[in-house]
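Written below as structure tokens is the structure these notes are about.
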Amino acid sequence: MPQGLLHAIRILDISSGNAVAMATQLLAEVGADVIKIESCSGSATRSQPAFAVLNRSKRNVALDIDDAGQRPQLDALLASADVLLHDLTPAQAHQLQLDDASLKQHFPNLIAAAVTGMPIGHPLENMPPLDALVLAQGGLFDTVQASNREGPIYLRFPLGEQCAAYLAAIGVMARLHVRNQGGGVDNVHTSLLQGALTPMLMHWHRAEHPTPQLIPAPKDHINLLLPCADGVWLHIMSSADHCPTIQAECEKLGAETCARLRATNETYMANVPSFPIYRLIFPKRTSREWLDELWAHDVAVDAALDFGQLYFDEQARINGYVVEVDDPQWGKTLQPGLPLSVTPPALIQWPTRALGADTEALLRELGTQPRSPDVPPRTKNLKQPLEGLRVLDLGNFLAGPLAATLMADLGATVIKLEATSGDQMRWGEWAFCGAQRGKRCIALDLKNPESRPVIERLVRWADVVHHNLRMPAAEKLGLGYENLRAINPGIIYCHVSAYGPIGPRRNWPGFDQMMQSAAGWEVLCAGEDNPPKWLRLGMTDHICALSSLLATMLAVYHRDRTGEGQFVRASLLGASALAMAETMARATGEVLPFARLDKNQTGISPQQRIYHCADGWVSLVASADAYTNLLRDFAADSVVALEQGFSRLVVAAALQRIANSGAHGARVTTNDSNFLDDADYQRLGLVARYSHPVYGRFEQVGVLWNFPDMPAKLERSAPTL
């Protein structure tokens, strides 16, 4: 196999959940030697499609890590590894002597990265790392949007898993960068909660002097979704008034009627002022007829498809976001590819290996050719992981600027180069503040030739240039990769697009809403038989930003070792495709079964859902046996009877009954502001506080990673223009 970018790195994966499995899959397919350590009886999730997708390109060792007789083999693997990534709770890690203190004592050159459910140090740090529990406890089930009934809704998108997977991989790359810089070896941790908090940067905040534009979109906001004659809904994100059919229909309605309808437009629909008119017009034609015309006129729009249909999208296939894999268990399948591109290119090395396929050969190799990590001597005491890294941010909206913000969180010096008219997201200050902290800002008229010397000076200063401008516009402004490489040959240049760098849609506009539609989340998260609905979390923007940050960190690692810069890429479409990893498609066109959300948006089965109690809600995750125990305990013979039983209990009593049955439960927190006031979150740095020139004292979500030797310093608020 050709050597990948991380060919010199060995990573051990000890995990039962998808977050760590996805993090190590991302790193494996850019060249890391990832060794999946699985129990001798096999993972409980081996029969699920996600296991096949997220454990590709890894070697497999069968080992019972809790068996003292097999500890020497585990220790040999730990001694050979650069990184250990695991999802053990702190109590489990301590019992297995895989906690930070034990690992530092016995394996001082090993970087340990944990993805827990709740952050380490929280009173609930030993909560199982399951999204259905963590998102409920963290308040995410109550913050998404209004439901069709009273109370919170079950969030069907695996928000904690998806974001934490990227955070873990990025944290590992930050640690490897510190090691390369002579900063020594230490650990990094994140959690499903911190993953889920990534999009809450723009929702959970508080200001001493708030402005009207700082108030987030309400939970009952109106979605820009339109039903067509064939029953398919379209999500439109820009005006289509210039399209011939729209103009003809408006003429039929008359100027007075159109003006009256536009006057009913809602605040959060300002980008599509004629949306009330479109509601009358779009049901007259099929979705295919509308898409053909709207796309021909550069309108930002996509269809709300069923989950998994993205596997058959031409643009996704062309860009490698969907790949063919001949899996030994599932046969010829379509699976998500990597959502980013780097040099050397990413590569699927092989399908998921059989249980223990590499145990004997690998242990024999360690016995005859022991390996130890290549750790440079410690010569620096870095205060933050990216201290000294200089970043020029040219992005707008969210998917571009957020990566630069997170680099600032990690200690980079970031300058936001903004047009004098301002970032196009500034009108929505709630979203702008969620993607811009930690930066200084320079505003220039980029079209004015007199600005060029300033741009060139900034490019010479920077290590990284990051943006999400549409590439033809960037090149017209002299901001393409070749333009900037001529100024700074070692530059790392990261571009974020909507649909990927090649193919017929490479230069098309795109927004989070359209990707939620295309990837099936608007249909799946709305609940069975309900109209599709956009999740105001904007999660595809966020996972795209995280994938672009990972691509950038991989390029930083490569430059550390070779001195070479490079052009790296990420896209909304690529990140959205990988988020479908819980299912895959057969070559015949069949999408494998996946769990659907019920009509009332309470859960995906009686065993995994939220239940209403006398004073609140609880989230239940139960095995088949535990669920049987619960039914017996409640003397219930159906889910309806179980609902009635829970309704008579207060939350505390319900959680005790759940625990007694052998199941897992969590309180559904139902007040957004509780997060900023929570003493434990404040103590752990999950709440950041600083001053802002307009808002005064400002609070929002804080640290997304925990570096034990490098406390985060979040001191700079989002810049004014």
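The values are calculated or read from the model by the stated rules, or taken from the named source; none is laboratory data. None of these values were measured; they are calculated from a predicted model. In this analysis, Cβ positions are derived from the backbone assuming ideal geometry, glycine residues included, and neighbour counts consider all displayed protein chains. Just so you know, the surface numbers come from the protein's heavy atoms only, side chains and all, with ligands and any DNA or RNA stripped out. Shrake-Rupley method; radii C 1.70, N 1.55, O 1.52, S 1.80 Å.
So the values come out like this:
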read-out	value
Inter-residue pairs, beta-carbon under 8 Å, first in contact (Cβ under 8 Å) with a residue 60 or more places away in the chain and closer than 14 Å to VAL325 by Cα and in the stretch 583-601, second among the charged types (D, E, K, R) and open to solvent by 90 Å² or more (accessible area, probe 1.4 Å), 6+ apart	ARG586/LYS332; ALA587/GLU324; ALA587/LYS332
Inter-residue pairs, beta-carbon under 6 Å, first farther than 13 Å from TYR611 by Cβ and in the stretch 628-653, second assigned to a loop (DSSP other than H, G, I, E, B) and of a type outside the set (Val, Ile, Thr), 6+ apart	ASN629/SER661; ASN629/GLY662; ASP633/SER661
TYR499 vs. criteria of a type in the set (Phe, Trp, Tyr), under 30 Å from ARG561 (Cβ atoms) and modelled with pLDDT of 95 or more	no
Any helices (runs of 4 or more DSSP H) falling wholly within the stretch 161-264 and containing at least 3 residues that are in contact with a helix residue (DSSP H, G or I) (Cβ under 8 Å, 6 or more places away or on another chain) and buried (at least 24 other Cβ atoms within 10 Å of the Cβ)	192-197
Hey, HIS467 within 22 Å of GLN315 (Cα to Cα), touching a residue at least 60 places away in the same chain (Cβ under 8 Å) and open to solvent by less than 10 Å² (accessible area, probe 1.4 Å) or not	yes
Subset of the stretch 624-647 [more than 35 Å from the chain's Cα centre (by Cα) and of a type in the set (Gly, Ala, Ser)]	ALA635, ALA636, SER638, ALA641, GLY645
Set LEU631, LEU620: member being farther than 29 Å from TYR311 by Cβ, surrounded by fewer than 24 Cβ atoms within 10 Å (Cβ to Cβ) and modelled with pLDDT of 95 or more	LEU631
From the options ALA419, ALA399, ALA408, residue that is within 17 Å of VAL703 (Cα to Cα) and open to solvent by less than 60 Å² (accessible area, probe 1.4 Å)	ALA408
Index of the failed condition, SER517 passing every other in (1) touching a helix residue (DSSP H, G or I) at 6+ places or on another chain (Cβ under 6 Å); (2) crowded, with 21+ Cβ neighbours inside 10 Å; (3) assigned to a helix (DSSP H, G or I)	(1)
Hits in the stretch 123-179 - residues which are among the hydroxyl-bearing types (Ser, Thr, Tyr) and in contact with a strand residue (DSSP E or B) (Cβ under 8 Å, 6 or more places away or on another chain)	TYR154
Members of the stretch 61-113 found to be touching a strand residue (DSSP E or B) at 6+ places or on another chain (Cβ under 9 Å), under 18 Å from PRO370 (Cα atoms) and in a loop (DSSP other than H, G, I, E, B), listed by number	ALA81, ASP82, PHE107, LEU110
Selection status of ILE658, open to solvent by less than 20 Å² (accessible area, probe 1.4 Å), touching a residue at least 40 places away in the same chain (Cβ under 8 Å), in a helix (DSSP H, G or I) and not small (Gly, Ala, Ser)	yes
Test result for PHE157, aromatic (Phe, Trp, Tyr) and more than 30 Å from GLY183 (Cα to Cα)	yes
Complete set of residues in the stretch 265-275 that are open to solvent by less than 10 Å² (accessible area, probe 1.4 Å) and part of a helix (DSSP H, G or I)	MET269, PHE275
Hits in the stretch 74-106 (condition: surrounded by fewer than 21 Cβ atoms within 10 Å (Cβ to Cβ) and touching a helix residue (DSSP H, G or I) at 6+ places or on another chain (Cβ under 6 Å))	ALA76, ASP99
Those residues of the stretch 584-623 which are part of a strand (DSSP E or B), aliphatic (A, V, I, L, M) and either over 13 Å from ALA132 (Cα atoms) or in contact with an Asp or Glu (Cβ under 7 Å, 6 or more places away or on another chain) (or both), in sequence order	ALA585, VAL591
